[in-house]
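Working notes, beginning with the structure itself.
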Amino acid sequence: MRRKFFVGILIPITIMVTACTNIAVENSKDSESDVSTITVSLDGMNIDEEADIINNNEMVEDEVSDLKVITSEKEYSCEKCGNVVLKTQEEYIVISDSCSQYADDINNLIYQDLVSVSAEDIYGNSEDDCSIHDEEFATKYNTRVFGYDIIKDNLLTIDVSSEITVFAAPHPYLDERQYVYDLESGKKVEIEAFYGSSESDFKALIAEATHDYYIENTEMQLQFASDINEDNVFDRAYENASFDNTRLFMKEDCVELAYIEDAIVPHGNGEIRIRITYDKFGA
């Protein structure tokens, strides 16, 4: 039987963090709100984040949510001039002990994967001339958890979209990623561990799926890069694929290969998702 991951309504939490040399946590507590303390251990540093949990009248009485989506808001300042160079709003998930005996370990991994700890993690402002540092023109980075599930009875999947807006850039940069955690071991599931150790075989599988989709869905071909055609789509997809860069989204019955703002489906052409059955991966 497939486990249900949470009961009731998700409760959004917002955490305000100002990041420069030190990290400060600010909260504005509503007098009618409950208070939850979340401890995240990161690189030997404990961050105690006291978050306001807003009561939800739709929550079923005596039932408690096993999962919370939290928004971490940060501002990063230049070490030289002190001006704000980056503002972030990043969503991440915290699970309760009822989900896994390794909930603390998994929450630490989720925090490390989904929340930045320095401006350089997102956009390298450190080499900028301080004369262009102005809070009004600060880089903005926003992420959103747009999906989550438990598949195969023990794998927690978290789907995250991101948008980075750089001043004077022609458009925001978009991305989507999935992060997978094993509730039975408390470990992150790396793509190469699940899909095999041979990257060349992996690249060939991705290229074949992309080629077949391109041939079978002629109405979608205009979404691909303009220089891609039936003769070179396999080679282009093979060249683009890697354990690090390929966007795969695990579902209960298949894996979805996503192309968005890359060498295959460029900016402005939307997103293409290709379904690949697990048996193709030998799973």
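The values are calculated or read from the model by the stated rules, or taken from the named source; none is laboratory data. From a predicted model like this one, the values you see are computed outputs, not experimental measurements. Counting neighbours? That spans all protein chains shown, and the Cβs are built from the backbone with ideal geometry, glycine included. What goes into the accessible areas is simple: the full protein's heavy atoms, side chains included, and nothing from ligands, DNA or RNA. Shrake-Rupley method; radii C 1.70, N 1.55, O 1.52, S 1.80 Å.
Values computed for the structure shown
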{"item": "Region 197-257 - accessible surface per residue (Å², probe 1.4 Å)", "result": "53"}
{"item": "Segment Asp97-Ile151, length gained on full extension (0.36 nm per residue, minus Cα span)", "result": "17.6 nm"}
{"item": "Global geometry of region 93-216, whether rounded, prolate or oblate, following the gyration tensor of its Cα atoms and the 1.5 cut on a/c", "result": "oblate"}
{"item": "Inter-site label distance for Cys81 and Glu190 at 7 Å from Cα along Cβ, in nm", "result": "4.0"}
{"item": "Centroid-to-centroid separation of region 111-162 and region 190-241 [C-alpha atoms, Å]", "result": "27"}
{"item": "Local electrostatic count, Ile106, Cβ distance below 14 Å [Lys/Arg +1, Asp/Glu -1]", "result": "-4"}
{"item": "Local electrostatic count at Leu257 - Lys and Arg +1, Asp and Glu -1, tallied over other residues with Cβ under 9 Å", "result": "+2"}
{"item": "Within region 183-283: Cβ-based charge dipole about Cα centre, in debye rounded to nearest 20 (Lys, Arg +1; Asp, Glu -1)", "result": "320"}
{"item": "Too-long pairs where the Cα-Cα distance tops 22 Å, listed order kept, from Lys188/Lys251; Lys140/Lys251; Lys74/Lys140", "result": "Lys140/Lys251"}
{"item": "Potential lengthening between Asp231 and Glu73 on full extension [0.36 nm per residue; Cα-Cα distance subtracted]", "result": "52.2 nm"}
{"item": "20 Å reach of a label modelled at Glu239, 7 Å along Cα-to-Cβ, counting backbone N of region 213-230", "result": "213-215, 221-230"}
{"item": "Residue (of Ser242, Asn229, Tyr213) at the positive-pole extreme of region 202-263, dipole from beta-carbon charges", "result": "Ser242"}
{"item": "Ranked order, Glu73, Glu190 - accessible area, probe 1.4 Å, largest first", "result": "Glu190, Glu73"}
{"item": "Sequence of Phe137, Phe167 when ordered by accessible area, the most exposed leading, probe 1.4 angstrom", "result": "Phe167, Phe137"}
{"item": "For region 143-193, share of DSSP beta bridges that run antiparallel, in % to the nearest 5", "result": "100"}
{"item": "Estimated distance in nm for a label pair at Gln89 and Glu271, the labels positioned 7 Å out from Cα along Cα-to-Cβ", "result": "1.8"}
